[in-house]
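**Student:** Right, I'll just put the structure down here and ask away after.
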Amino acid sequence: MDVSTTPVAERVARVLAGQRISANAGGDAESASRLIDAAWADYLPDALAVLKTLREPDKAMAAAGDPAVWEAMILAGIKGAKPQTVVL
């Protein structure tokens, strides 16, 4: 199984940005990669909302694996999206 080096919240935010910006997905920009690179962070709150919804697996998902592991993985993705606090 492949493991992404890009945080899950960023990947979801990029998909949401691409869906709205790219002509391939319903937007109107024909060459959208630079626009998505510049805009994905604006979609991070939406991505976090999606991840928070996914914390609880549905019945089919729970039957396929361990719901506690799933929840831990999603919570790790949510935690990874929050900026680290720096104390000076």
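Throughout, read-outs are computed from the coordinates displayed, never taken from laboratory work. Computed from a predicted structure; not experimentally measured.
**Student:** Would you list which aspartates and glutamates come within 14 Å of Lys59, measuring only between C-alpha atoms, while excluding same-chain residues fewer than 8 positions from it?
**Tutor:** Glu71
**Student:** Quick one: pull the percentage of alpha-carbon pairs in the chain with a separation above 19 Å.
**Tutor:** I get 51 percent for the Cα pairs in the chain exceeding 19 Å.
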